[in-house]
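Below is one structure, written out as structure tokens, with a few remarks after it.
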Amino acid sequence: MAFNENGRIWFNGKFVDWKDANIHVLSHVVHYGSSVFEGIRCYNTKNGPAIFRLKEHVERLFDSGKIYRMEIPYTVDEICDAIKETVKINNLKDCYIRPVVFRGYNELGVYPLNCPLEVVIAAWEWGKYLGEDAIENGVDVGVSTWRRMAPNTLPNMAKAGANYMNSQLAKMESLLNGFNEAIMMDYGGSVSEGSGENIFLVKDDVLYTPHSSLSILSGITRDSVTKLAKNEGIEVKEEAIPREMLYLADEIFMTGTAAEITPVRSVDKITVGNGKRGPVTEKLQKKFFNIVEGEEEDNFAWLTFID
């Protein structure tokens with residue numbers, strides 16, 4: 001989605017005009033990928049704009065920073081308040097929110113700790129990540145030749161900018177091969193995740209998802225779907241999933257802040273189920289969207305209202 005560039009961005013505690021939110025070309029992050037970030041959605045509910053699982057996202061931002069020895073100079077509550085204020089000052093209803101923490105300008109070299117930390121929050125209108133009709137009709141995915149990183153190479157539990165160079169390779173490959181998205185294997189050859197989404201499979205009414213040890217980012221939407229499924233009496237198993245299960249599954253869907261809950265209609269040009277959104281996927285979608293759009297009671301306390 002293109003930026004309209006008319007808004008304001010929270011930059012180290014102050015709001016600046018969109019086009020003035022700049023950094024130096026010799027900032028550490030430009031050369032070494034030294035950033036951690038989050039993606040958060042705000043939904044325009046019937047009771048007003050509400051941010052989905054705000055505190056959990058911000059806590060994960062701090063966890064990512066801790067892994068990379070980034071001591072964020074704000075508290076979790078201060079960042080939560082700054083995010084709400086960013087949405088409010090830009091008069092946004094439905095929007096995507098991007099808080100990012102990165103190493104700034106001072107010196108160059110792999111050692112990062114002499115470079116200052118910059119903290120930025122931006123928000124803008126953004127539609128469905130995988131297309132407007134993907135939520136109902138699904139997407140076509142291909143298994144990537146690129147694997148996710150082994151846990152002793154880069155920490156998959158950190159939502160770090162550097163990790164997404166790996167995701168970019170898979171995403172570019174998938175689109176060049178005629179798919180909408182990629183599915184990546186982990187370092188041992190088991191199913192891991194998409195280029196920017198977690199993955200679920202349905203087989204014989206049981207919901208399967210890769211275990212958190214299999215080079216995945218433990219997604220907050222993934223956790224939400226797991227909670228919804230269990231609340232609906234659906235059995236959920238977190239375990240290693242072999243590649244061929246992708247071809248035998250009754251249903252597959254991908255989850256993430258951007259993707260929300262998006263069904264998969266084919267993998268490697270092999271049709272999943274009957275090639276349409278399955279009943280388990282549809283049931284979980286309905287519960288999820290009813291909550292985030294304010295049509296159903298938020299019994300999980302997932303929504304933080306702006307006003």
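The values are calculated or read from the model by the stated rules, or taken from the named source; none is laboratory data. Predicted model only: the values in this text are computed from it and were never measured. No Cβ is skipped: glycine too gets one built from the backbone with ideal geometry, and neighbour counts run over all protein chains shown.
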Candidates Thr255, Thr221, filtered to the one that is over 12 Å from Ser192 (Cβ atoms), in contact with a Gly (Cβ under 8 Å, 6 or more places away or on another chain) and part of a helix (DSSP H, G or I)
Thr221
Looking only at residues in the range 260-283 that are surrounded by 24 or more Cβ atoms within 10 Å (Cβ to Cβ) and outside any strand (DSSP E or B), which one is nearest to the chain's Cα centre (by Cα)?
Thr281
Here is a check on your reading of the model: is Ile121 β-branched (Val, Ile, Thr) and modelled with pLDDT under 95?
no
Members of the range 172-208 that are among the β-branched types (Val, Ile, Thr), touching a helix residue (DSSP H, G or I) at 6+ places or on another chain (Cβ under 7 Å) and under 19 Å from Ala258 (Cβ atoms)
Ile183
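Name the one entry in Gly189, Gly142, Gly194 that is among the small types (Gly, Ala, Ser) and surrounded by fewer than 14 Cβ atoms within 10 Å (Cβ to Cβ).
Of the residues listed, the single one that is among the small types (Gly, Ala, Ser) and surrounded by fewer than 14 Cβ atoms within 10 Å (Cβ to Cβ) is Gly189.
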Which is at pLDDT below 95 and over 25 Å from Lys159 (Cα atoms), of Asn231, Asn290, Asn274, Asn299?
Asn274
So, in the range 221-253, exactly how many residues are more than 21 Å from the chain's Cα centre (by Cα) and among the hydroxyl-bearing types (Ser, Thr, Tyr)?
1
Residues in the range 107-118: is at least one β-branched (Val, Ile, Thr) and surrounded by 14 or more Cβ atoms within 10 Å (Cβ to Cβ)?
no
Can you say whether Gly178 is outside the structural domain of Lys93 (by TED's automatic domain parsing) and within 22 Å of Ile40 (Cβ to Cβ), as far as the supplied structure shows?
no
Filter the range 225-248 for residues that are crowded, with 20+ Cβ neighbours inside 10 Å and assigned to a loop (DSSP other than H, G, I, E, B) and give the result.
Ile241
Listed residues Ser215, Ser266, Ser190, Ser224; which is outside the structural domain of Lys55 (by TED's automatic domain parsing) and at positive phi?
Ser215
